[in-house]
């Protein structure tokens, strides 16, 4: 499975407009080579560099029950029937990069699952990760950097 963006290269710089304090648009994502047996996809975006600044990995986006036949997630949108969960901003939906100190690495993780998740919109990354245990078929990731 492959996860890419048309707005930045893997390991490259995430454009300013996707930042939390700017336009806070979610970036466009391209999904390919999803295994045939996939029932749903999960996308988690987080900031592992936040551990030094705030003491934990900061969750920026949690999106689940993405249809497995989806080939792209358009900028600032989510696929039909997908559900967005709660971020560490205590908000539902995308919360863009917002490093408090220096450049941070942001990781978009895509998971192919053999089930749909039965979770409500107030669910968190921890809830999603617990629900998808033993159901992950494949994983892909996309990394980008963002500085204040």
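The values are calculated or read from the model by the stated rules, or taken from the named source; none is laboratory data. In this text, all values refer to a predicted model and were calculated from it rather than measured experimentally. Positions of Cβ are backbone-derived with ideal geometry, glycine not excepted, and every protein chain shown enters the neighbour counts.
What to note about this one:
- The range 31-53, residues that are exposed (fewer than 13 other Cβ atoms within 10 Å of the Cβ) and within 23 Å of residue 126 (Cα to Cα): 51, 52
- There is at least one residue in the range 10-18 that is under 23 Å from residue 124 (Cα atoms) and at pLDDT 95 or above.
- The set of residues from the range 139-148 being surrounded by 16 or more Cβ atoms within 10 Å (Cβ to Cβ) and either over 26 Å from residue 100 (Cα atoms) or at pLDDT below 95 (or both) comprises just one member, 140.
- Hey, residue 107 touching a residue at least 60 places away in the same chain (Cβ under 8 Å), surrounded by 15 or more Cβ atoms within 10 Å (Cβ to Cβ), assigned to a strand (DSSP E or B) and over 13 Å from the mean Cα position of the chain (by Cα) or not: no
- Just one of the listed residues (28, 100, 79) is surrounded by fewer than 21 Cβ atoms within 10 Å (Cβ to Cβ) and touching a helix residue (DSSP H, G or I) at 6+ places or on another chain (Cβ under 7 Å), namely 100.
- Only residues that are within 15 Å of the chain's Cα centre (by Cα) and without any contact (Cβ under 8 Å) to a residue 24 or more places away in the chain were counted across the range 28-62, and they come to 1.
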